[in-house]
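Q: Quick one: this structure, given as structure tokens, is what I'll be asking you about.
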Amino acid sequence: MTIKSEYETADEIPEQYRELYEQRGNKWELAAIEGVKPESAFADVKRALDAERERARQIEAQWRNWAPLAKHDPQHIQSVLDRLPEYEALAKQTSDIQARIDEVSSARIKAATLPIERERDALRQKYEEAEALLQKMSAAEQQRKVTDAIRAAASKVGLDPDSIEDAIMLGQATLEVAADGVVQVRDGASGIPAGIDAERMLAHVRDNGMRPRWWSENVSGGLRGGRASSSSIANPWAKGTINVTEQARLEQTNPALASKLKEAARA
């Protein structure tokens, strides 16, 4: 007959061995034999061993992360850790120094470029002023050339001296200085053929009765009443002022003007 080291109830214990058991908690355990442990004791030991094994596994897993440091002296590692706040402060200081270097560099670059920028702005202003002056001078020179052309043509076409200023105003509105320096009627001038010079322009105005008060008496009695007979100032294709020699000259030297004078004569 075999007996157990523990029973759930006293009734389960063989009667002849009942006095060898003691109730411990909810179970009856064998207590009369020295050195014999109950199953619960083995279970406790097993639980303790399992817990120890789990703790060992956790320690081993943690140790893997620190394994690279195993070759270093623990005291050296500790000294490095002790100086960690110092290293962090140095890192921050280095960052601050770099920011300061960038700030100083930017300031120096700006200081170096400011004089250049001022000089550039001054040169730009001078250029704009010179360009404006050049345009003004060009306009003034063009006005002067137109004025001179009108004055030079005035006596040739019999313009009354008192009407010269009015003729100059008309010339400023209708004449331009071409690229080759010739003073001629610009395109779009009302009632006057484009491309003819100042003398022919005044002759066209006179011969077509456009400004009857501008002409002196000797002209009004003759040329102004009909067509000018002078080949140098009249349209060589116009009725009454036909000049074949002048026509040939214009056809050869200025075909565009010749074409416009033909159209004016047909108008």
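The values are calculated or read from the model by the stated rules, or taken from the named source; none is laboratory data. Just so you know, these numbers come straight off a predicted model, no measurement behind them. Here the Cβ positions follow ideal geometry from the backbone for every residue, glycine too, while neighbour counts run over all protein chains shown.
Q: Is it the case that D187 is under 20 Å from L261 (Cβ atoms), within 52 Å of the chain's Cα centre (by Cα) and surrounded by fewer than 14 Cβ atoms within 10 Å (Cβ to Cβ)?
A: yes
Q: May I pose another question? So how many residues does the stretch 117-160 have that are basic (K, R), surrounded by fewer than 11 Cβ atoms within 10 Å (Cβ to Cβ) and more than 19 Å from Q172 (Cα to Cα)?
A: Residues that pass the stated criteria total 3.
Q: Just name the residue that is modelled with the highest pLDDT out of those in the stretch 54-99 that are of a type in the set (D, E) and in a helix (DSSP H, G or I).
A: The residue in question is E54.
Q: Select from the stretch 130-168 the residues that are polar (S, T, N, Q) and assigned to a helix (DSSP H, G or I) and write down the one among them that is modelled with the highest pLDDT.
A: T147
Q: Of the conditions (1) at pLDDT 90 or above; (2) hydroxyl-bearing (S, T, Y); (3) loosely packed, with under 14 Cβ neighbours inside 10 Å, T174 fails just one. Which one is it?
A: Of (1) at pLDDT 90 or above; (2) hydroxyl-bearing (S, T, Y); (3) loosely packed, with under 14 Cβ neighbours inside 10 Å, only one is false for T174: (3).
Q: Same structure again: What about R249, is it within 18 Å of K156 (Cα to Cα), at pLDDT 80 or above and either of a type in the set (A, V, I, L, M) or assigned to a helix (DSSP H, G or I) (or both)?
A: Answer is no for this residue.
Q: Which members of the stretch 190-233 meet the condition of being at pLDDT 80 or above, of a type in the set (A, V, I, L, M) and either in a helix (DSSP H, G or I) or over 16 Å from S163 (Cβ atoms) (or both)?
A: I192, A194, I196, A198, M201, L202, A203, V205
Q: Evaluate the stretch 91-102: report whether one residue or more is at negative phi and under 27 Å from the mean Cα position of the chain (by Cα).
A: yes
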